[in-house]
Every structure is written in structure tokens, then in C-alpha cells.
Amino acid sequence: MTAALEEMACQICLSPLNTLGTPPTYVHPIQLATDGHQPAPVPVSQLDTVNRHCDFCGDPHPTWTLVGGEVTAIALGSAAGLVQNLGQAWATCATCQTYIDDDRTEKVVDRAVQAFGLGDHPQVRERIEELHQAFLTARRPGRTLITTTAWPATAITARELPRVRDRIARFYRGTDSLPTALANAETRQEVAAGLDRAGLFWIDDDFTDLTEYAAEKPPDVTINRDLMPSTDGLIVWSRPVTPRQITAASWTTTSDGWRLTNYRTIGGALDGTPLQRLREQVGWLAPMSTLRVRDQHLLQGEDPAAALVATWLLVAQQAANVTTARVDKAVRKSYARTNRTTPEVRIVRIGVNRGTRPSPERSASGDPGRPQSSRFWVSGHWRNQPYGPGRALRRPVYISPFLKGPDDVPIKLSTTVRMLSSHSPKSKDQN
């Protein structure tokens, strides 16, 4: 694929596509095993996740994109299935990157030989080494973080949140590149400054469940300052939420509104030196998408920021019980050494006030004059609540699942409901 073309991936299998001819025809890589479907090209910039592999060893969790020598179609011995057109931009995993940084490229070749099961073919090893050297000898300075890798989820505790925030802010200020909207240096500095000011919120398991249920069919929302629990902020859920698998989100106040950014965790399943380097150089979070919004911007329900906005709305309607976490001791010492005040981390749980519920006195048919013969579960849903001067304005309020009907009648058993805990157990994050 030439540099002038935007990179494309298959919308069905999420694999990057190669090109043939001019105008280009998009094809799956030869070595990729598919179910026989035809490529469905879509720009990579439109996808949250792309199923890349390390171009050196085949690892399914590539971390960086490097630019080096132009490499065209190469056949490795009799293994025709390894013919690839890799061009001059290669993906590399954290382990291969560590070996490259340490000038131990023979270890990269070892990983490739082992991954491809070619240890008994010394000539093939030589060809792989030639292939790598053709790329690395002409390697250009710099690298770009791959933000579309579907890493295994990494748990982040409330006590770790200041360190997580500081590390991604430092990455924004560093020299490693980012793709798409966050590639701009001014934008990166803007988000980093917002993270420095950010209120820190950790969402517990029950409230994370509530957020995900509420975000399944979110309403369209008009963005304004009153929605937000702090001027700038970083929210981390206890697990990834929505089909997009978002783990964290930040909002940054700008001169004309806000910048909303979603994150996924990075580095899951790594260990040893590669994990240590990644934590030092990037941290725990990788930005997935970013959006600039102005005051009174109408955010559609299917927007990637839906989970963040749903959390704002739930907190604003007093569905939350907010407590303070004890920050990790190492973090407190680190802040003290630099004469900074230890940040406050707020844990968000489901509060006692779960929102206004409709009167249970109406019958199942909707006729207030007919007594109900059974109680039944009403699924969680959004509704518009009047507020403001003369109650003329409307804002979405989430109604949690509840039993509807008189207390002295049986519960209808044919309805399924997901119940959420409202208790506030003492968390290890408060110790």
C-alpha cells in the first residue's frame, strides 16, 4: 500500500488489508485464515479495534508502529503462506520493541522462528533475518503508539489512579507519536494540562454495571457544564464497558467547550522487562477516540462518549454515593518529593436514592381504576425530567429496575430483571 492511501481494514474480521494494482483492490493478507468472506474495506481511523499482529514475530498484541525500509512481497523458503507485502510501516509488539531498543535483534529473529515453527530450517532463519535487517537498517527515528489493539483488560484500583493519570499525562507531553486526532502537539498538551487539573473518579463494580445498562439505550443529551462532576476529570470504571470496551474517559475544559477522550487499558498479559518499559513509557491507558464539543452540543445516544455521559447523568441525579479512597503510599511519597498536594480520588458507588420511580398504583393495563392482580418488574429506562425555571427545561433521568404493583399481590414470574446492589461495603481501596 502506498503512503498516499489511507490504511484500510476489513469491517468483518477487523484485519488490516493489503492492496493490489492501481486503482487499488483490497485483499486479505495471504497468511490470514478467514472464513472465506470478501474484504469489506473501512478506514482504520473509524475503528476502535483492529486485529493486527506484530510484523516481526506474529504476536497478537502489537504496541508500536515503526517506519523503516520498503519491503515488498517476500517468500520464506517453501512456506508460501508467509508471503507478505509489509511496505515500510511495521507493527511491533512490546517484547520485540524491547529487543530492538537494546540492539538484540537476534532475539527478535528467535521469536519469529519460534512463532512460525521454523526452527528446523536454518536457511529460513537466514531469510527472516535478512527481511528484518532490510527494514531495520533503514529505520527512521520515532514510533507511533498503536491504540487499536484489543489488549486483555487490566484492573486499575482507586489507589493507583493518581499514578495512572500522571503517566498518561507524561506520555502526552513526550515525543512518541499518536495516530489521528491526538497526533496534534497542541491537542496533546491541552489534554495533558486537563489531566493535571482533573478530578479523579473510580467507579465500583455495581455502579459500573448500572452505567453499562444505562448506556445500552442512551438518550440524546445536550452537553453543558452542569452535567459534569468537576471542571476537568478522569473516570476509570472497574472493568471495560459497552461493546467498545472502554475502561476510562477524561474530559478537558477548552477555550470553547470540552474535549472528551476514551481510553482502553494497555499491557495486559505482559510481564518482565517489556511490561516495565511499557508502564514507564506509556502507563496503563491508551487513548481510543477523542471528540471536541461545545456548550449545548447535542450528543447522540450512539456516540462513543455515551458511557461517560451516562455516568455524569447518574451522578447528577444523586444515584451515586461518593467516598474518598486512600491513595497508594508510594504515590503519596512521590507527590511529597515534588512538593505537590496528594490528589483526592473519589470512589463512586450506587447511592440510596436510585432516582424517581413512577407510582405503582396503576394497573398492568394502565387503567388506574382496576386493581392489579400481580406485581411485575419494570426494566431500567431513561425518561425526561422537568427542571429549571418554571420546570420548563428537560434532562434525562435513569429509572432503575423496580417492582410495580401492590405489595400484597404475587410477583409475575415470567419477567427477567438485572438487579444491582446498593450497599456500600468497605473497600480495600479505603484502607
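The values are calculated or read from the model by the stated rules, or taken from the named source; none is laboratory data. Predicted model only: the values in this text are computed from it and were never measured. Reconstructed Cβ throughout: ideal geometry from the backbone, glycine too, with neighbour counts over all protein chains shown.
Right, ILE100: assigned to a helix (DSSP H, G or I) and under 25 Å from THR19 (Cβ atoms) or not?
no
How do the pairs read when you match residues in the stretch 112-124 that are under 19 Å from HIS61 (Cα atoms) with residues anywhere that are modelled with pLDDT under 75, using Cβ under 6 Å and keeping only pairs 6 or more apart or on different chains?
So the pair list comes out as VAL113/GLY119.
Just to be sure I understand, how many residues within the stretch 233-278 are buried (at least 20 other Cβ atoms within 10 Å of the Cβ), more than 12 Å from the chain's Cα centre (by Cα) and closer than 23 Å to GLU190 by Cβ?
Final tally of qualifying residues: 7.
Any idea which residue in the stretch 214-228 is surrounded by the most Cβ atoms within 10 Å (Cβ to Cβ), counting only those that are in a helix (DSSP H, G or I) and not basic (Lys, Arg)?
ALA214
Could you please let me know if ASP206 is of a type outside the set (Gly, Ala, Ser), surrounded by fewer than 22 Cβ atoms within 10 Å (Cβ to Cβ), in contact with a helix residue (DSSP H, G or I) (Cβ under 7 Å, 6 or more places away or on another chain) and touching a residue at least 24 places away in the same chain (Cβ under 8 Å)?
When the stated conditions are applied, ASP206 does not pass them.
At least 1 residues that are surrounded by fewer than 14 Cβ atoms within 10 Å (Cβ to Cβ) and of a type in the set (S, T, N, Q) in each: list the strands (runs of 3 or more DSSP E) lying fully within the stretch 6-53 that qualify.
In the stretch 6-53, 25-27 are the strands (runs of 3 or more DSSP E) which contain 1 or more residues that are surrounded by fewer than 14 Cβ atoms within 10 Å (Cβ to Cβ) and of a type in the set (S, T, N, Q).
Residues of the stretch 156-213 being within 18 Å of ALA320 (Cα to Cα) and not in a helix (DSSP H, G or I), which ones?
GLY199, LEU200, PHE201, TRP202, ILE203, ASP204
State all residues of the stretch 103-146 that are in a helix (DSSP H, G or I) and among the charged types (D, E, K, R); if no residue qualifies, say none.
GLU106, LYS107, ASP110, ARG111, ARG125, GLU126, ARG127, GLU129, GLU130
With the condition kept exactly as written, say whether any residue in the stretch 77-95 is in the same structural domain as LEU131 (by TED's automatic domain parsing), assigned to a loop (DSSP other than H, G, I, E, B) and modelled with pLDDT of 90 or more.
no
Just checking, does the stretch 203-225 include any residue being small (Gly, Ala, Ser), touching a strand residue (DSSP E or B) at 6+ places or on another chain (Cβ under 6 Å) and at pLDDT 90 or above?
no
Tell me the residue from PRO179, PRO162, PRO229 that is assigned by TED's automatic domain parsing to the domain that holds PRO304 and touching a Pro at 6+ places or on another chain (Cβ under 6 Å), please.
Of the residues listed, the single one that is assigned by TED's automatic domain parsing to the domain that holds PRO304 and touching a Pro at 6+ places or on another chain (Cβ under 6 Å) is PRO162.
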